[in-house]
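K.L.:
Below is the structure I would like to discuss, written out as structure tokens.
The values are calculated or read from the model by the stated rules, or taken from the named source; none is laboratory data. Here the structure is a predicted model, which means the values were calculated and not measured. Heads up, the Cβs are rebuilt from the backbone with ideal geometry, glycines too, and the neighbour counts pull from every protein chain shown. We work out accessible area using only protein heavy atoms, side chains counted, and drop any ligands, DNA or RNA first. Shrake-Rupley method; radii C 1.70, N 1.55, O 1.52, S 1.80 Å.
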Amino acid sequence: MPPVAMPSPNHDDRGGASVSMLVLHYTGMASAEAALARLCDPASKVSAHYTIGEDGTAYAHVPEDRRAWHAGVSFWAGIRDINSHSIGIELVNPGHEFGYRAFPAAQIQALKSLCAGILARHAIPAWNVLGHSDVAPARKEDPGELFPWAELAAAGIGLWPAPADNGVGAEALATFGYDPQAPAAAAITAFQRHFRPKNLTGRWDDACARLLAGLLLVKT
């Protein structure tokens, strides 16, 4: 089912940048209605290309050829203007502030369908399918540790690592794409939220080292 048109005025020109990233968020607000209203409010100065409700309804806010305002101060793989290079999708979820909960199956199925179309239209490598916390680890937690990254990767959307035999140090997070200027514990926690969500310690250990080594093998 095509997304429901719900245009936002909050967008501008990409300035010649091509789309190379897909960034996933949760809305982090008390209700879907409040989140949708904010994304379409010119005073908020925020937006996304799409929002997906918990019932699986998708809403289209900004055309994909335009720059939505979803990532804020962020960084990935040498790029600081993430908005110009990305498609942003919001998932309705109250988030850590308002009662974080699992993402319903209907919502994830709709996300898979939407992402499949986006990936068919844009040259986005698997390692550039990201969470907001990946590109802004010192500021953001979304979409959080309950987000089913492994399920998406199994559907061909993003990566899920097979641990390598030998690990790498935390400094290799920058090689993968994380901001080398981010606080180390924040970058490590963001990595754990995405790739080892059941054990968020903010400390580098052998399991993290081997997971990142496995990811780097796939990326190279």
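K.L.:
May I ask you to verify whether Ser47 is in contact with a helix residue (DSSP H, G or I) (Cβ under 9 Å, 6 or more places away or on another chain) and free of Cβ contacts under 8 Å to residues at least 60 places away in the same chain?
P.N.:
On the way: in contact with a helix residue (DSSP H, G or I) (Cβ under 9 Å, 6 or more places away or on another chain): yes; free of Cβ contacts under 8 Å to residues at least 60 places away in the same chain: yes.
Against the criterion (in contact with a helix residue (DSSP H, G or I) (Cβ under 9 Å, 6 or more places away or on another chain) and free of Cβ contacts under 8 Å to residues at least 60 places away in the same chain), Ser47 qualifies.
K.L.:
Given (1) open to solvent by 20 Å² or more (accessible area, probe 1.4 Å); (2) part of a strand (DSSP E or B), where does Leu22 come up short, assuming only one miss?
P.N.:
Every listed condition holds for Leu22 apart from (1).
K.L.:
Could we say that Gly167 is part of a loop (DSSP other than H, G, I, E, B) and open to solvent by less than 10 Å² (accessible area, probe 1.4 Å) here?
P.N.:
Details: part of a loop (DSSP other than H, G, I, E, B): yes; open to solvent by less than 10 Å² (accessible area, probe 1.4 Å): no.
Here the answer is no, as Gly167 does not meet what is asked.
K.L.:
Given the structure, is Ala182 part of a loop (DSSP other than H, G, I, E, B), under 28 Å from Glu90 (Cβ atoms), aliphatic (A, V, I, L, M) and touching a helix residue (DSSP H, G or I) at 6+ places or on another chain (Cβ under 9 Å)?
P.N.:
Numbers: part of a loop (DSSP other than H, G, I, E, B): yes; under 28 Å from Glu90 (Cβ atoms): yes; aliphatic (A, V, I, L, M): yes; touching a helix residue (DSSP H, G or I) at 6+ places or on another chain (Cβ under 9 Å): yes.
Yes, satisfied.
K.L.:
Sticking with this structure for a sec: Would you mind finding the one in Ile118, Ile108 that is out of contact with any helix residue (DSSP H, G or I) (no Cβ under 9 Å at 6 or more places or on another chain), of a type in the set (A, V, I, L, M, F, W, C), farther than 20 Å from Thr189 by Cβ and open to solvent by less than 20 Å² (accessible area, probe 1.4 Å)?
P.N.:
Ile118
K.L.:
Residue check, Glu33 against (1) more than 20 Å from Glu141 (Cα to Cα); (2) in a loop (DSSP other than H, G, I, E, B); (3) open to solvent by 50 Å² or more (accessible area, probe 1.4 Å), all met but one. Which one?
P.N.:
All conditions are met except number (2).
K.L.:
If you go through the range 133-148 one residue at a time, how many are open to solvent by 10 Å² or more (accessible area, probe 1.4 Å) and assigned to a helix (DSSP H, G or I)?
P.N.:
Selection size over the range 133-148: 0.
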